[in-house]
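The block underneath contains the structure these notes are about, expressed in structure tokens.
The values are calculated or read from the model by the stated rules, or taken from the named source; none is laboratory data. What you are looking at is a predicted structure, and each value in this text was computed from that prediction instead of being measured. Cβ placement follows ideal geometry from the backbone for every residue including glycine, while neighbour counts extend to all protein chains displayed.
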Amino acid sequence: MERMVPSSLTGAFGADYLKNYTATIDFITNAGAYAVLDPHNYGRYKSNIINSTSDFQSFWKNFAGQFKGNTKAIFDTNNEYNTMDQTLVLDLNQAAINGIRAAGATSQYIFVEGNQWSGAHSWTSVNTNMVSLTDPQDKIVYEMHQYFNEDSSSSDTCVSGTIGAERLASATAWLRQNKKVAWLGEFSGYPNSVCLQAVTTMLDYMQENSDVWLGGAWWAAGPWWGTSEYSFEPPDGPAYKYFGATLRKYIP
């Protein structure tokens, strides 16, 4: 967000950054794919928690206005809110929805994220107030994240071969009970047999519950990841080589 709006949340866009960003989004969506536009800021701007819902709404109105004609754009309100007041997280998400729709972006889905890094495993103990979010276009998708080590972060250890499915269970029940749908915006595993089983059983579980789980995305890819064990960057990313054949089985 600091690159997109360098002076303030309500300030002018960085012209060069917006130009390059727009070109990237156009390249992706013109190829027929969807693009998730994700301010990766953890509910912060210039390292400070965003407390002004009106400023946040203005940012989203201005930003969404740049892409309102792109039907393959998806707006993600912010990545992994954490250690914030829960009502503020709710209000920021609603402000983003309001700003996006006020911009005239009416056809796009909106991904909303919860507090405490939007973890699926903790969703029902942290983010139950998110059920009250409203969208006049009824295109809200709840984005959750899930990893497989002891504290549900990314590491070289997966607790068991079934831990992914187990950690999605309570969120799945919440989604179905409240007639909501979700996207697993981040998951990954270390290239070993236990993590491969954890990924496989979780994806099987998501397919079995596809009425509430729309799909998911591996974290992560791109040249910046280099030789990281989590890199899904073809052709040589360690995760791409180890998990690629498995994940391809789940592509519709």
Quiz item: So Q57 fits all but one of (1) closer than 18 Å to P136 by Cα; (2) in a loop (DSSP other than H, G, I, E, B); what number is the exception?
Solution: (2)
Quiz item: Can we say A96 is in a loop (DSSP other than H, G, I, E, B), among the aliphatic types (A, V, I, L, M) and at negative phi?
Solution: no
Quiz item: Which members of segment 230-240 meet the condition of being buried (at least 18 other Cβ atoms within 10 Å of the Cβ) and assigned to a loop (DSSP other than H, G, I, E, B)?
Solution: Y230, S231, F232, E233, G237
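Residues checked against (1) within 30 Å of F59 (Cβ to Cβ); (2) under 19 Å from the mean Cα position of the chain (by Cα); (3) of a type in the set (S, T, N, Q):
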{"residue": "K139", "(1), (2), (3)": "yes, yes, no"}
{"residue": "I163", "(1), (2), (3)": "no, no, no"}
{"residue": "L168", "(1), (2), (3)": "no, yes, no"}
{"residue": "A173", "(1), (2), (3)": "no, no, no"}
{"residue": "Y190", "(1), (2), (3)": "no, no, no"}
{"residue": "A198", "(1), (2), (3)": "no, no, no"}
{"residue": "T201", "(1), (2), (3)": "no, no, yes"}
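For segment 192-210, state whether one or more residues are in contact with a strand residue (DSSP E or B) (Cβ under 6 Å, 6 or more places away or on another chain), surrounded by 19 or more Cβ atoms within 10 Å (Cβ to Cβ) and within 18 Å of S160 (Cα to Cα).
Here is the first cut: in segment 192-210, the residues in contact with a strand residue (DSSP E or B) (Cβ under 6 Å, 6 or more places away or on another chain) are 206.
This time we only want the ones that are surrounded by 19 or more Cβ atoms within 10 Å (Cβ to Cβ), so: 206.
Within this subset, residues satisfying the condition of being within 18 Å of S160 (Cα to Cα) are 206.
Taking every residue of segment 192-210 in turn, at least one turns out to be in contact with a strand residue (DSSP E or B) (Cβ under 6 Å, 6 or more places away or on another chain), surrounded by 19 or more Cβ atoms within 10 Å (Cβ to Cβ) and within 18 Å of S160 (Cα to Cα).
Could you grab me the full set of residues in segment 204-252 that are hydrophobic (A, V, I, L, M, F, W, C) and either modelled with pLDDT under 95 or over 14 Å from A182 (Cβ atoms) (or both)?
Quick first cut of segment 204-252, residues hydrophobic (A, V, I, L, M, F, W, C) only: 206, 212-214, 217-221, 224-225, 232, 239, 243, 245, 247, 251.
If the condition is that a residue be hydrophobic (A, V, I, L, M, F, W, C) and either modelled with pLDDT under 95 or over 14 Å from A182 (Cβ atoms) (or both), then W218, W219, A220, A221, W224, W225, F232, A239, F243, A245, L247, I251 are the ones that fit.
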Exercise. Provide a single number: the residues in segment 140-199 that are closer than 17 Å to N115 by Cα, part of a loop (DSSP other than H, G, I, E, B) and of a type outside the set (D, E, K, R).
Key: 4
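Each row is one residue, and each column tells you yes or no for (1) at pLDDT below 95; (2) crowded, with 18+ Cβ neighbours inside 10 Å; (3) not acidic (D, E).
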residue: S122; (1), (2), (3): no, yes, yes
residue: S132; (1), (2), (3): no, no, yes
residue: D135; (1), (2), (3): no, no, no
residue: Y142; (1), (2), (3): no, yes, yes
residue: A171; (1), (2), (3): no, yes, yes
residue: Q177; (1), (2), (3): no, no, yes
residue: K180; (1), (2), (3): no, no, yes
Self-check item: Hits in segment 87-117 - residues which are within 18 Å of W174 (Cα to Cα) and in contact with a helix residue (DSSP H, G or I) (Cβ under 9 Å, 6 or more places away or on another chain)
Solution: L90, V112, E113, G114, N115, Q116
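Given the residues Q86, Q57, which is the only one that is under 17 Å from L133 (Cβ atoms), surrounded by fewer than 20 Cβ atoms within 10 Å (Cβ to Cβ) and of a type outside the set (A, V, I, L, M)?
Values: Q57 fails: surrounded by fewer than 20 Cβ atoms within 10 Å (Cβ to Cβ).
Checking each option against the conditions leaves just Q86.
For segment 167-190, does any single residue satisfy the condition of being among the charged types (D, E, K, R) and over 25 Å from V126 (Cα atoms)?
Within segment 167-190 (the criterion being among the charged types (D, E, K, R) and over 25 Å from V126 (Cα atoms)), the answer is no, since none of the residues qualifies.
How many of the residues making up segment 62-78 are over 19 Å from A23 (Cβ atoms) and surrounded by fewer than 21 Cβ atoms within 10 Å (Cβ to Cβ)?
Here is the first cut: in segment 62-78, the ones over 19 Å from A23 (Cβ atoms) are 76-78.
In the following step, the residues that additionally are surrounded by fewer than 21 Cβ atoms within 10 Å (Cβ to Cβ) were identified as 76.
Residues flagged as over 19 Å from A23 (Cβ atoms) and surrounded by fewer than 21 Cβ atoms within 10 Å (Cβ to Cβ) within segment 62-78 amount to 1.
Looking for whichever is touching a strand residue (DSSP E or B) at 6+ places or on another chain (Cβ under 6 Å) and in a strand (DSSP E or B) here; the options are I28, I74. Which one fits?
Of I28, I74, the one residue that is touching a strand residue (DSSP E or B) at 6+ places or on another chain (Cβ under 6 Å) and in a strand (DSSP E or B) is I74.
Sort through K19, K46 and tell me the only one that's within 26 Å of H145 (Cβ to Cβ), surrounded by fewer than 18 Cβ atoms within 10 Å (Cβ to Cβ) and more than 19 Å from the chain's Cα centre (by Cα).
Matching residue, one of K19, K46: K46.
Within segment 171-229, take every residue that is basic (K, R) and in contact (Cβ under 8 Å) with a residue 24 or more places away in the chain and give me the one that is nearest to E80 (Cα to Cα). Break it down into steps so the answer makes sense when it comes.
Our first condition is that a residue be basic (K, R); within segment 171-229, this holds for 176, 179-180.
Filter once more, so that each one left must be in contact (Cβ under 8 Å) with a residue 24 or more places away in the chain: 176, 180.
On the way: R176: 23, K180: 19 Å.
Once the filter is applied, the top-ranked residue is K180.
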